[in-house]
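Written out below as structure tokens is the structure these notes cover.
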Amino acid sequence: MKLEQLQLLIDMVSRGIANLGVVSLFHGSESIAETRMENAGVLFHPLTERRLYAVVGTRNPFLSKDVESVSLEDLSGFPYFLNYDSVTEFSMERFMEKRDPLRSVIQVTDLACALKLVAETDGVLIETDDRELYREFYQAEGLRFIPMSDESMKCTLGWISRKDTRLSEVARHYIEIMDDLVHEMCRNEVEL
């Protein structure tokens, strides 16, 4: 989640427009996010830490390479698709430091389009491992999810709420659902 989007969500929760918000804090930008939440009177409740993956398609040589993980440096020669809901500015900066200056960074605001572009090109998208959801909702086929070896390429999924407000019954119910989904997600990530 980009910092601008996170700030909007923090503002909505802080002002009481939303009871809670679901956020991913990416390693390297947590301190900025935590400071913003603290200043707004918002608490972060972590649910799980998630690893990030390089998503590659049919024209990327990593689709068929026998590798257990890849680094940002390994991906530096390929176009990079940046989806607005994907990695933060921090992760993009790490990618840009390592990339070939002649290769493109392509901003794509629609995740389905980004996945289709990755599937048909040698480009790379950095995402969490939600391949089953992508297949179900976006008919995303021909993709390989390769774990990122860079230690900074992780995120913490959680929810935020106002410090001084008791959550509604509905909000508490949604947190229970999120807890169940996180346990399922984590089990699937290990199995896949």
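Observations, loosely collected:
- Multiplying the residue separation of V182 and S71 by 0.36 nm and subtracting their alpha-carbon distance yields 37.4 nm.
- Taking 0.36 nm per residue of separation and subtracting the current Cα-Cα distance, fully stretching the chain between V22 and C113 would add 30.4 nm.
- Accessible solvent surface per residue of region 1-69, calculated while the other protein chains remain in place, 1.4 angstrom probe, Å²: 52 Å²
- Cα-derived Rg over Rh, computed across region 1-56 with Rh taken as Kirkwood radius: 1.00
- A Förster radius of 22 Å, combined with the Cβ-Cβ distance separating R172 from E34, puts the computed FRET efficiency at roughly 0.40.
- Carbon/sulfur fraction of accessible area - region 1-76, other protein chains in place, 1.4 Å, %: 46 percent
The values are calculated or read from the model by the stated rules, or taken from the named source; none is laboratory data. From a predicted model like this one, the values you see are computed outputs, not experimental measurements. Virtual Cβ from ideal backbone geometry, glycine too; neighbours counted across all protein chains shown. Areas reflect the complete protein model, heavy atoms only, side chains present, ligands, DNA and RNA absent. Shrake-Rupley method; radii C 1.70, N 1.55, O 1.52, S 1.80 Å.
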